[in-house]
Each structure stands twice: as structure tokens, then as C-alpha cells.
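The values are calculated or read from the model by the stated rules, or taken from the named source; none is laboratory data. Everything quoted here is computed from the prediction, not taken from an experiment. For neighbour counting, all protein chains shown are included, and Cβ atoms are generated from backbone atoms with ideal geometry for every residue, glycine included.
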Amino acid sequence: MSARPHKWRDVAWKRAIADGARDAIAYFMPDLAADMDTSREITGITGMELPVKGSNSDKGMLVSDVFLNVPVIGGEDWSVACLAEQQHAHDKRFAERMFNSVVRLRASRPYGRVTGFAVYTGDQKYVNFYTEMSYGLELSMKFRAFCVPGYSIEELREDRRPFARVMYAGRLSLESGDDAALRERYAWEILNAMGEEVYDKRQRKFILEFADRIFRLNDPVISRGLKEAYKMQTISLEQYVAEIDKEEAMMEGSEKGIEKGIEKGIEKGKIEVARSMLSDGFPAETIRKYTGLDESSILSLR
């Protein structure tokens, strides 16, 4: 496990909740999900951000909570405060920050309906209850807190719900910490697991973008093959072609050369991905599914 928390991991969690809000609600708050009006979109609530500056180890990054407006059937919509924290140990002020998030949300909508949940990666002690007393005034709040270390890797591996894949990646990231080899291994594992179920484009995008961030695939020590495999799954073919082939196409300098460069760039990227997957022990059928190469071409790379 990582020796210290990193705010870029907080960003990964909060972006996943914001981008995969419908699936996050379904996973963390199934009772609210049962009342959702699926004909309307979940929207973000703006103007609620109160960023807190990170510690020196976080390099002063600013990370805000997520606030959502959840439409419900035949009633007033619910406002939801979502707090996600990446911690390496118990944070005594975690529950207080969740309390403050809900208070801010309540103050902005004094007659609305407010709820919330939290995702936490530190010690599980006392993270879902907050109380304070001051000269006879007592305030307390109990909320749902989902402590990622409390889930077994096997349990999450078998859960095929879209946001369970996010939790699975988050749990594996705690195991890998800052070990680059483990981060790469587990990132491949998440990518491979995506082929086991049918997810729509939106779901695939927020799951894999979360894994990209949580395993820090922009690290120079991570293999190009893995980075290209993730890129192929999270951006359009047009974007992929533009990125992988821009330099070669510009060098050709003609329309024919550009077309040739594009084809060459696509093929080179597929071969790079296939080589990396082979070295990590993936079967030819799985590699074929992700790269489009035929089996004979894959086997020739061994």
C-alpha cells in the first residue's frame, strides 16, 4: 500500500462518481436508485465547491467534493453530497468534512431533500458518524461510508456491475501502491475484465478513465503497449489515428502519404499492444478482441 495519500487519486474517485453518477447511485444507494426517474439526467450542482488545499505531499492540489441533483419519480428531486477521500491511514476529520459538505448543500437548498454517501480508503474506524456539542447545541449526522479496504478483491472481481469495476480497480490500487510493476499488472487486469461483460460506451469510458488515473498510467515507466491499449478503448478511432500518426503523416507531406502514414500508425499501435499483452500472458483470443489482429499475426509475435 502507498506510504502516503495522493490527491490525484482523490481526483480519480471524484471524477468517476461525477462521470458515472447514475451507476454510482445504483451501486452505493440502491434505494434512491429505485426511485430515480430514468427519463431525466442526473446533473451536477454548481457553485457548491469548497476546495481544501492538500498537504505538502499532495503538492498543494485542490480537490472539490461532488454534488448531484438526482431526479425521482413523482416527487421533489434529491440533492446528494458525495465525498471521496484517498487516505493511507485513519483521518480523524473525514466525518467532519462530510458533515460540512452536507451542511453546505442543506444551506443552499433549505427546503429541499438532501442525502449523501462517502467513499474512503483509509482505516474503517468511526468514518460514518459525526457529532459535536457546543453550549447545549448538539449536532450529529450518520451517513453511508464505503471503506474500500473492507472489500475483498475476490468479492469485487465477481461483481459485474459497472461501478463495482471502479471499486475493483480502487481496491487493486491499494495493493499496488506506488509499485509500477504492480500498477501495470493490475491495469491490464482491469482492461481484461472489461471484456467479460457488455458495458455501454459511457460506462466503459468512466471505468477505464478511472483505472488510467488510479494506476497513474501517464508514468513514463508504464509500457507504451498498456497506454495504447487504454487509449484504443477510451477515445474514438479518429482521435486514436490522429494521435498515433500525426508525426508520420506530417513527414509524408502529401495526401497519399498521409493515408499511408495513418494505416501504418494504426498497425504499429496494434502490434505494440499485442506484444505487451502476449508478454503478460493474455490468450490470443483476448488479444484479437482488443487489437483486431488475426490469430496468425498474433502468434507470429511470440
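Some observations on this one:
- Residue list for segment 181-225, filter: among the aromatic types (F, W, Y), assigned to a loop (DSSP other than H, G, I, E, B) and over 11 Å from the mean Cα position of the chain (by Cα): Y199
- Of the criteria (1) more than 17 Å from W13 (Cα to Cα); (2) modelled with pLDDT of 95 or more, which one L172 fails: (1)
- Residue identified as under 27 Å from E209 (Cα atoms) and touching a strand residue (DSSP E or B) at 6+ places or on another chain (Cβ under 9 Å) among A193, A118, A181: A118
- Any hit, segment 85-93, residues being at pLDDT below 90 and within 23 Å of G44 (Cβ to Cβ): yes
Residue by residue, here is whether (1) modelled with pLDDT under 90; (2) surrounded by 13 or more Cβ atoms within 10 Å (Cβ to Cβ); (3) in contact with a Lys or Arg (Cβ under 6 Å, 6 or more places away or on another chain) holds:
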| site | (1), (2), (3) |
| --- | --- |
| Y135 | no, no, no |
| F143 | no, yes, no |
| E154 | no, no, no |
| F163 | no, yes, no |
| D200 | yes, no, no |
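- Residue in segment 112-123 that is of a type in the set (G, A, S), in contact with a Pro (Cβ under 9 Å, 6 or more places away or on another chain) and at pLDDT below 90 present: yes
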